[in-house]
Amino acid sequence: QVQLVESGGGLVQPGGSLRLSCTASGLFFSIDEMGWYRQAPGKQRELVAMSTGNGHANYADSVKGRFTISRDSAKNTVDVQMGSLKPEDTAVYYCTAKGKRTIMSPTRDYWGQGTQVTVSS
């Protein structure tokens, strides 16, 4: 069974830092992309950062220069280092992976359960 397990959320003061980690466990034939989305109360889920198959990183404009994504394709892990955190970064953060379980499987999105990040003084 494929699972994405996140860790590293919590409460942090404005201006502080947090590092979120995600591990994809289970058998994957291939993973094309791994990254992070977030969803704040009353808002739609939005992209935070994505590490693509060609090694590129895409970021939401709101986090550029503050967040850095890193991926270890050999270990099927993806982290996001979040700095200069603001109250508006408060949300549940979800890890996601796009991939195939077997060579015959369709490519699909997998999601973690989410981890809460609260930025507050």
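The values are calculated or read from the model by the stated rules, or taken from the named source; none is laboratory data. Just so you know, these numbers come straight off a predicted model, no measurement behind them. With ideal geometry, Cβ positions are generated from the backbone for all residues, glycine too; neighbour counts draw on all protein chains shown. These area figures cover heavy atoms from the full protein model, side chains too; ligands, DNA and RNA do not enter into them. Shrake-Rupley method; radii C 1.70, N 1.55, O 1.52, S 1.80 Å.
Under the simplified labelling scheme, the SER120-SER84 pair shows an inter-label distance of 2.5 nm, with each label point 7 Å from Cα along Cα→Cβ. Report, to the nearest whole %, how much of the accessible area of region 27-88 belongs to carbon and sulfur atoms, 1.4 Å probe, protein only. Heavy-atom surface of region 27-88 belonging to carbon and sulfur, 1.4 Å probe: 47 percent. Summed over the residues of the chain and divided among them, the accessible surface reaches 54 Å² per residue at a probe radius of 1.4 Å.
Legend: residue pairs LYS75/LYS100; LYS43/LYS98; LYS64/LYS86, Cα-Cα distance threshold 21 Å; pairs beyond threshold, LYS43/LYS98. Of all segments of the chain bounded by trypsin sites (Lys or Arg not before Pro) found in a DSSP loop with no more than 12 other C-beta atoms within 10 Å, the longest spans 76-121. Packing order of peptides 30-37, 80-87, highest average first: 30-37, 80-87 (average count of other Cβ atoms within 10 Å over each peptide's residues).
Length gained on full extension, PHE28 to SER62, computed as 0.36 nm times the residue gap minus the Cα-Cα distance: 9.1 nm. For the pair GLN1 and SER73, the difference between a 0.36 nm per residue extended length and the Cα-Cα distance amounts to 24.0 nm. Compared with the alpha-carbon gap, the fully stretched path from GLN39 to GLN13 is longer by 7.4 nm at 0.36 nm per residue. Restricting region 41-121 to chymotrypsin sites (Phe, Trp or Tyr not before Pro) that sit in a DSSP loop and have at most 13 other Cβ atoms within 10 Å of their own Cβ leaves nothing.
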